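Have a look at the structure below, then the notes.
The values are calculated or read from the model by the stated rules, or taken from the named source; none is laboratory data. Note that the coordinates shown come from a computational prediction; the quantities given were computed from them, not determined experimentally. A quick note on method: Cβ atoms are made from the backbone with ideal geometry, for glycine too, and the neighbour counts reach across all protein chains shown. For accessibility, only protein heavy atoms count, side chains too; no ligands or nucleic acids. Shrake-Rupley method; radii C 1.70, N 1.55, O 1.52, S 1.80 Å.
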Amino acid sequence: MTTFPAWVIREGERTNVAALEDIELSALDDLPVTLRVGYSGLNYKDALALGGRPGVIRRFPLIAGIDLVGEVVESRDERWQAGDVVTLDGAGLGEDRHGGLAGMARVGGDDLIAVPDAFTPAQAAAIGTAGFTAALSALALERHGLRPGDGPVLVTGASGGVGSIAISLLSRAGHEVVAATGRVEQMRERLTELGASDLVDRADLEDKGRPLGRQRWAAVVDGAGGQILASALSTLRADGAAAAYGLAASTDLPTSVLPFILRGVSLLGINSVHVTPERRRQAWELLARDLDPAVLDSLTRTVDLADARDAAAELLAGRGTGRTVVRIPS
Ligand SMILES: NC(=O)c1ccc[n+]([C@@H]2O[C@H](COP(=O)([O-])OP(=O)(O)OC[C@H]3O[C@@H](n4cnc5c(N)ncnc54)[C@H](OP(=O)(O)O)[C@@H]3O)[C@@H](O)[C@H]2O)c1
């Protein structure tokens, strides 16, 4: 009988309860590809789930973890063979399907990606949903028509997982990147090393300004929502676009139609959970091309599976920076 450790979330009365348990393989769903998980990661959703907060987990009990990197041990899907090293981000993992914070996983074959040669399995986990979302945001802006030389690109939530990787990807692609952060002095050196040419204090974006402000940004990658996204929209240049992926500040969007109808700006929604296999491949190709593994290492820390909940608490408290990889014991 094969057992393995897993962070299991059970429904509680007011909050949910996360516990590291020993699980049998038979507890997993009957899906075609069985993986030995080597690494997972911590994203904001994982932090909410491990912290017992409602809203992320939609089926109980469920193994947490919206990302995984592992080796195929058995496959009924002819596209995948034993020994393949693969990664999967989103696709319901850790929300309505058993996720990656576990020694083993069973998944469908459609959304799997072979880990690119450019990255080790641990680096692929460091990328995880955060890097995947940053790449989807960059691709969306590129499809909108953004080209290097068009003007500064504002990245909000800059010290976070998505923000940090977005800065690196966009600057590598030749864009001028301005980082908006709540920790200007603390993060100046790191964000500059990642490729930001300038920093703005996010407090400057938190004030309700005029419906249309000075045109500053050719594009925006936003992880904050709320007034911060509204301010960014009102200061986008004509025909610019904002890729909105996050809600670190708020789910509200207190804007007006003026930036849209007088400046022709666009708001592009980014959803990293439900993504076509083709777009998944494009995002990972972009990451393999433009994300320097050494830069990725510089913003990554690694914790053991048993310490995932403590690390998640730091993320929830807003003390996290960069990416946290979770190492799964073999
Ligand atoms: N759409 C999707 O598919 C998708 C995918 C991934 C993540 N997300 C969402 O995107 C957001 C960021 O994810 P992440 O993984 O990068 O999280 P993260 O690593 O926790 O980073 C979030 C960053 O946002 C900034 N921030 C924190 N509290 C804030 C506040 N009250 N107001 C404004 N900014 C604040 C901080 O950066 P500074 O200190 O530099 O300001 C923080 O580092 C989360 O809301 C997450 O749920 C969505």
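Sort through Ala166, Ala203, Ala248 and tell me the only one that's closer than 22 Å to Gly41 by Cβ, open to solvent by 20 Å² or more (accessible area, probe 1.4 Å) and out of contact with any Leu (no Cβ under 8 Å at 6 or more places or on another chain). Before the answer, list the steps.
On the way: Ala166 fails: open to solvent by 20 Å² or more (accessible area, probe 1.4 Å); Ala203 fails: closer than 22 Å to Gly41 by Cβ.
Just a single option satisfies the conditions, and that option is Ala248.
Is it the case that Leu286 is part of a helix (DSSP H, G or I), open to solvent by less than 10 Å² (accessible area, probe 1.4 Å) and modelled with pLDDT of 95 or more?
no
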Among residues of region 64-79 being in a loop (DSSP other than H, G, I, E, B) and buried (at least 24 other Cβ atoms within 10 Å of the Cβ), the residue nearest to the chain's Cα centre (by Cα) is Ile66
Picking from Arg323, Arg309, Arg319, the residue that is under 17 Å from the mean Cα position of the chain (by Cα), assigned by TED's automatic domain parsing to the domain that holds Gly90 and open to solvent by 50 Å² or more (accessible area, probe 1.4 Å) would be Arg319
Q) Do we have Thr302 as within 15 Å of the ligand (Cβ to nearest atom), hydroxyl-bearing (Ser, Thr, Tyr), at pLDDT 95 or above and surrounded by fewer than 20 Cβ atoms within 10 Å (Cβ to Cβ) here? A) no
Filtering region 229-255 down to residues that are part of a helix (DSSP H, G or I) and either of a type in the set (Lys, Arg) or within 16 Å of the ligand (Cβ to nearest atom) (or both) yields Leu229, Ala230, Ser231, Ala232, Leu233
Considering residues that are under 13 Å from Gly160 (Cβ atoms) and modelled with pLDDT of 95 or more, the number found within region 305-322 is 0
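Yes or no: Gly55 modelled with pLDDT under 95, small (Gly, Ala, Ser) and in the same structural domain as Ala102 (by TED's automatic domain parsing)?
Values: modelled with pLDDT under 95: yes; small (Gly, Ala, Ser): yes; in the same structural domain as Ala102 (by TED's automatic domain parsing): yes.
Answer is yes for this residue.
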